[in-house]
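A.B. asks: This is the structure, below, for whatever I ask next.
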Amino acid sequence: MSLIPSFFGHGVYDPFSLDLFDPFNGFRSLSDQLRSSETASFTGATIDWKETPEAHVFKADLPGLKKEEVKVEVEEGRVLQISGERKKEHEEKKDRWHRVERSSGRFLRRFRLPENAKVDQVKAAMENGVLTVTVPKEEVKKPVVKAIDISG
């Protein structure tokens, strides 16, 4: 959920997102910086959510992850949860690293689905590091309008 203008990140209020605003997100304490990279957190699971006439579609960029490393669940109360873990590469003592920019660790994103979501028909597919989760929508029943003849 973001109530902060776009120059701080998302910039759009999303009432369905369960992400909490953390003003210190992105800042690391000195103790965090001195700790080993084993505790590095992979929080960069960027997810787009679009609504089509037929479904809600979530797309998550998860480069380098296999489908076995990602979990998609629907919890009670229509909450879609996408989580996973990128494991740290095995490090040989003789290796000499020049730069380490790829992160490792766990990620977890949760979204409250709207009333019209068919949570029992959720489908997920992973292709080229992009996870696509499709949540079909219930058809909106149009109200029946009956014309009444006016006598007189």
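A.B. asks: Among (1) open to solvent by less than 100 Å² (accessible area, probe 1.4 Å); (2) among the small types (Gly, Ala, Ser); (3) more than 25 Å from Glu75 (Cα to Cα), there is one condition Gly105 misses while meeting the rest; what is its number?
C.D. replies: (3)
A.B. asks: Then there's this: Residue by residue through the range 136-151, note down the ones that are surrounded by fewer than 10 Cβ atoms within 10 Å (Cβ to Cβ) and basic (Lys, Arg).
C.D. replies: Lys141, Lys142, Lys146
A.B. asks: Looking only at the range 108-129, count every residue that is touching a Leu at 6+ places or on another chain (Cβ under 7 Å), open to solvent by 40 Å² or more (accessible area, probe 1.4 Å) and part of a strand (DSSP E or B) and tell me the total.
C.D. replies: Going through the range 108-129 one residue at a time, the tally reaches 3.
A.B. asks: Further question: Considering only residues of the range 67-88 that are without any contact (Cβ under 8 Å) to a residue 40 or more places away in the chain and open to solvent by less than 100 Å² (accessible area, probe 1.4 Å), which is farthest from Glu51 (Cα to Cα)?
C.D. replies: Applying the filter and picking the extreme gives Glu69.
A.B. asks: Could you figure out which of (1) loosely packed, with under 15 Cβ neighbours inside 10 Å; (2) not in a loop (DSSP other than H, G, I, E, B) isn't true of Val133?
C.D. replies: (1)
A.B. asks: Hey, does the range 8-30 have a residue that's touching a strand residue (DSSP E or B) at 6+ places or on another chain (Cβ under 6 Å), exposed (fewer than 10 other Cβ atoms within 10 Å of the Cβ) and at pLDDT 55 or above?
C.D. replies: Looking for residues that are touching a strand residue (DSSP E or B) at 6+ places or on another chain (Cβ under 6 Å), exposed (fewer than 10 other Cβ atoms within 10 Å of the Cβ) and at pLDDT 55 or above, one finds none in the range 8-30, hence no.
A.B. asks: Show the residue pairs meeting these rules: Cβ distance below 9 Å; 6+ apart or different chains; first residue within the range 126-138 and free of Cβ contacts under 8 Å to residues at least 40 places away in the same chain and within 12 Å of Pro53 (Cα to Cα); second residue surrounded by fewer than 13 Cβ atoms within 10 Å (Cβ to Cβ) and not hydrophobic (A, V, I, L, M, F, W, C).
C.D. replies: Listed pairs, sorted by first residue: Glu138/Glu115.
The values are calculated or read from the model by the stated rules, or taken from the named source; none is laboratory data. Values in this document were obtained by computation on a predicted structure and should not be read as measured data. Cβ: placed from backbone, ideal geometry, glycine included. Neighbour counts: every protein chain shown. Remember, those area values only see protein heavy atoms, side chains included, never the ligands or the DNA or RNA. Shrake-Rupley method; radii C 1.70, N 1.55, O 1.52, S 1.80 Å.
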